[in-house]
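**Student:** Below are the C-alpha cells for one structure; questions will follow.
The values are calculated or read from the model by the stated rules, or taken from the named source; none is laboratory data. Bear in mind that the values here come from a model prediction, so they are computed numbers and not experimental data. Here the Cβ positions follow ideal geometry from the backbone for every residue, glycine too, while neighbour counts run over all protein chains shown. Note: areas computed on protein heavy atoms with side chains; ligands, DNA, RNA excluded. Shrake-Rupley method; radii C 1.70, N 1.55, O 1.52, S 1.80 Å.
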Amino acid sequence: MVHLQKTMADIIKLLPDHVANQIAAGEVIQRPASVVKELLENAVDAESKTIDLIVRDAGKSLIQVVDDGKGMSVIDARMSFERHTTSKIKTSEDLFQIHTKGFRGEALASIAAVAQLELRTKDQESEVGTRILIEGSKVKEQTPIQTTKGTAISVKNLFYNVPARRNFLKSPQIEFRHITDEFHRIALAHPDIVFRFHHNEEMILHLKPSSLRQRIMGIFGQKINEQLVPLSEQTEWVTIEGFIAKPVHSKKNRGEQFFFVNRRFVRSPYLHKSILDAYEGLLQVAYHPSYFVFLRLDPKHIDINIHPTKTEIKFDNDSAMYAMLRATVKHALGQYQVTPALDFEKDPSWDILPDKNRHIRSPGITVNPDYNPFTTPCKTQQTAPQEVVSIKNLYEQIKQFSVELEHAPESVSTVPLFNASSADNVGRWQIYEKYIITTLKSGLILIDQNRAHQRILYERFLNTSDQEIMSQELLFPVRVALSPGELNHLKTLDKDLIDMGFIVEFYQDAVSVLATPTDIRLENIVSFIQEILAHLTVNNKSRRESFARSIAKAGAIKRGVRLTSAEIQHLIDGLFTCTDPNHSPFGQPVFITLTMDFIEKQFHQ
C-alpha cells in the first residue's frame, strides 16, 4: 500500500468554483425557459403583488423579471449568488416542511455562471438599493443605487460563454413556447398575483388578480369557461380542488394538463393515469382530457427534492393518492352529468339583457271568433277514406314483396357485397367506405383510403414550390377561436402560412381564415389549425414537412366517405406514383398485400 502511494500521482482535484457553477447550470438551466422558471419562482417567494416578465428573442438576448416584493439587503444581494446559500432551509428536517418554491440555493449562481446578469434590489428598511453586475460567475461591479422596493434581474446573452450549449437551443418559436408554458404554470398557481408578459416590446398577457376560473379564462380564452367542471374534495390527508374539462371537449394533443402540489407545478404520469381511469369509456380513441388539478397536503407527506428542477414528486402513499384523485374526478363527472345526460347547468350565454330603449310587449293570443266546432267539417273525417285506401295499398305491396322473397332462389344475395357506386368497377372495389380492394397478378391489395390520400397530398405539397401553390378564396371566412398563447404561436408562423397558400387575419381572441390551399376542405380548416399548433418544429425544412403532414391529415379523404369509380382509380394511380407508397406521412402502413399463395393456404388448411 505504501508502494502505491509513492508511485501513483494524485488525480482527484477540487473543481474551481466557476466550473462547478457551470456544471450545476447544466442541471438547472437547460434553456431560456429554465431561467424564466427560477426567476419567477423567486419573485413569488418574495411575496410580490405584481410581477413583470420581459423577454427578447425568445430569451436568447434578454430575460428580465421585475417584482415589487420584499427585496434584499446589500449583504443578502451579494450572498444570493453563492452556491448553496438559501433563506428557505437551515436543517435537513426542513426539507420535509417546504412551502416555498426555491430552496436548493443554486438558481442565481447557475444563471450567473452562463450569462451576463444584472441585479437591482432594495428592501423596505434600506434607504438605497444595490446594483450587482456579474459575468460568468465573476462580480464585475457592485454599487449603491436609487430604486424602488423589490427586485429586478436582467439576464443577457444566455450561454454566451458556453457556445456548445447555445448551439443546442431550438428555434425561436420552440423556445418561446417553452417560456410561455413556464409563465402559464406560475400564473395559474398564483391567481392572486398580477402578471404581465412582454415579448419583443409587445404585451402578450396582462393577468389581474382573480379567481382560479377567471385566471384559466385569462390565459386560455373565454371559450374554455363552458368546458370546465369544478373539482372539490377535502379529507384529513389531502384537499383536491381545480377543474376538469367535459369529455366532449377532449383534444388530440395534451396541451392543457396541469398538476399542482402545494401550488408547485409537477409532472406525474402516475396521477395522470388516475385521471384517465376516471374518464374511462367517456373519451374518443387517442383523445386527451384537459385538467387543472390542485393538491394541498402536509409537506411531510411528499418529497420534492428528487430532481434539480423540482418538477417531480413522490408521495409517501402513492396508491392512496391515486385512488383519491380517481374517485374525485369520477364524482365530479357524475355530479355534473356531463355525459350522457343533459347538462342543466346555467349557460352564461342565456344571460341576455333586454334593450332598455325597446318596448317589451306581452305575447298575445289570436282567435277566430267565427269558428264553431259543430258547424265546421272535421278535417280528419274528410281524409279518413283516403288514409284507409293508402294503408290498404301499402299492405298489398308488403304482401306481394313477401311472396317474391319466398320464391327467390337461395343463391341470390339481398345485401350487396360492394358499394353500388363501384359495382361497375373492373378489378377495384370500395368496402365499408374505408378500404379499397384492387387486383394484382399475384393476388389482392387492400388499401386504406385515408392514409393513401395523406401520402399523395404530403408528397404533392413537398414537391411544389411556394410560387406554384394554388389558393382558394373562401366565400365566407372561417373564424377559429384560440387562446392568447395559441394566437401568439400562430403569429410566429404568419409568413409560413402565406407561403403555403393561407391568408389569415388575427383578432384578439381568434384567427380568421380568408383563403386556403386547394387541397384543404372547408370543414377541415379548424383541425388543420389545431394540428399546426400541436406540431411546431425546429427549422424551416422540418417545419415545411410539419406543415405538409398537417395539410395531408386535414385534407385527406376520411374513412366513411363513399368514392365513385373515377375517384377510386384516381386514388390508386396517385398512390403508386409516390416515392414511398408503403407508408403514410406518419409512418403507418398504407396497404397490405394478399398473395394467391396466402389465399390458397386459407382454403386448404
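**Student:** Along the charge dipole of segment 230-287, which of A278, V266, P230 sits closest to the positive end, that is, farthest toward it, with unit charges on the beta carbon of Lys, Arg, Asp and Glu (+1, +1, -1, -1)?
**Tutor:** Value computed over the given set: V266.
**Student:** If you count only protein heavy atoms and use a 1.4 Å probe, how large is the accessible surface of R521, to the nearest 10 Å²?
**Tutor:** Here the residue's solvent-accessible area equals roughly 100 Å².
**Student:** Ignoring ligands, DNA and RNA, what percent of the 1.4 Å accessible area of segment 192-239 is carbon and sulfur?
**Tutor:** Accessible surface attributable to carbon and sulfur in segment 192-239 totals 45 percent.
**Student:** Continuing with the same structure: Let me cross-check D509: its accessible surface, 1.4 Å probe, with only protein heavy atoms counted, in Å² to the nearest 10?
**Tutor:** Around 90 Å² of this residue is reachable by solvent.
**Student:** Can you work out the accessible area per residue across segment 494-605, with the rest of the protein chains kept in place, probe 1.4 Å, in square angstrom?
**Tutor:** Using a 1.4 Å probe on heavy atoms only, each residue of segment 494-605 averages 54 Å².
**Student:** Whole number in Å², please: accessible area per residue of segment 151-259, 1.4 Å probe, ligands, DNA and RNA not counted.
**Tutor:** Value for segment 151-259: 45 Å² per residue.
**Student:** Search the structure for amide H atoms under 5 Å from the amide H of H198, placed 1.01 Å from N in the peptide plane, and list their residues when 5 or more places away or on another chain.
**Tutor:** The answer is L53, I54, V55, I204.
**Student:** Could you tell me which of the pairs K138/K495; K246/K553; K49/K273; K170/K553; K149/K314 are separated by over 31 angstrom between their Cα atoms in the structure shown?
**Tutor:** K138/K495; K49/K273; K149/K314
**Student:** Heavy atoms of the protein only, probe of 1.4 Å, neighbouring chains included. What is the accessible area of D494 in Å², nearest 10?
**Tutor:** 50
**Student:** While we're on this one: At 0.36 nm per residue, minus the direct Cα-Cα distance, what do E202 and S232 gain on full extension? Give it in nm, one decimal, please.
**Tutor:** My answer for the length gained is 7.0 nm.
**Student:** Taking R0 as 25 Å, what's the FRET efficiency between K251 and D509 from their Cβ-Cβ distance, rounded to 0.05?
**Tutor:** 0.90
**Student:** From the phi angles alone, apply the Karplus equation (6.51, -1.76, 1.60; θ = phi - 60°) to segment 106-111 and give each ³J(HN,Hα) in whole Hz, x where the residue is Gly or Pro.
**Tutor:** In residue order, the calculated couplings are 10, 4, 5, 5, 5, 5 Hz.
**Student:** With every protein chain kept in the model, how would you rank M72, M596, M321 by accessible area, 1.4 Å probe, largest at the top?
**Tutor:** The residues order as M596, M72, M321, largest area first.
**Student:** Take peptides 112-118, 457-463 and line them up by average Cβ neighbours within 10 Å, highest first, as a rough protection proxy.
**Tutor:** Packing proxy ranking, top to bottom: 112-118, 457-463.
**Student:** On to the next question. Using a probe of 1.4 angstrom, how much of the accessible area of segment 448-605 is carbon and sulfur, in percent?
**Tutor:** Carbon-and-sulfur percentage of accessible area, whole number: 54.
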